[in-house]
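What follows is one structure encoded as structure tokens, with my remarks underneath.
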């Protein structure tokens, strides 16, 4: 998950791109799954955040980490 420091649910596009790129870097370094961005803010609606979810799934339980 990546979180924008501002208490604002609507970051500018350039900020969202940087946040999503960083999330992709971390997933690529530590995991073996192909990800999709989930930025539906279900429980924290006033603070932008995005989750890396496995493509075709919702949660990443049981996904392999890289050695």
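The values are calculated or read from the model by the stated rules, or taken from the named source; none is laboratory data. Since this is a predicted model, take the numbers as computed values, not measurements. In this analysis, Cβ positions are derived from the backbone assuming ideal geometry, glycine residues included, and neighbour counts consider all displayed protein chains.
Looking at the structure I just gave you, is residue 8 part of a loop (DSSP other than H, G, I, E, B), modelled with pLDDT of 85 or more and surrounded by 10 or more Cβ atoms within 10 Å (Cβ to Cβ)?
Answer is yes for this residue.
Mind checking which pairs have a first residue in the range 22-40 that is on the phi < 0 side of the Ramachandran plot and surrounded by 13 or more Cβ atoms within 10 Å (Cβ to Cβ) and a second that is part of a helix (DSSP H, G or I) and at pLDDT 90 or above, Cβ under 6 Å, 6 or more apart or different chains?
Short answer, once both residue conditions are applied: 35/27; 37/20.
In the range 12-59, what count of residues is obtained for those that are closer than 13 Å to residue 1 by Cα, in contact with a helix residue (DSSP H, G or I) (Cβ under 9 Å, 6 or more places away or on another chain) and either outside any loop (DSSP other than H, G, I, E, B) or modelled with pLDDT under 90 (or both)?
Qualifying residue count, the range 12-59: 6.
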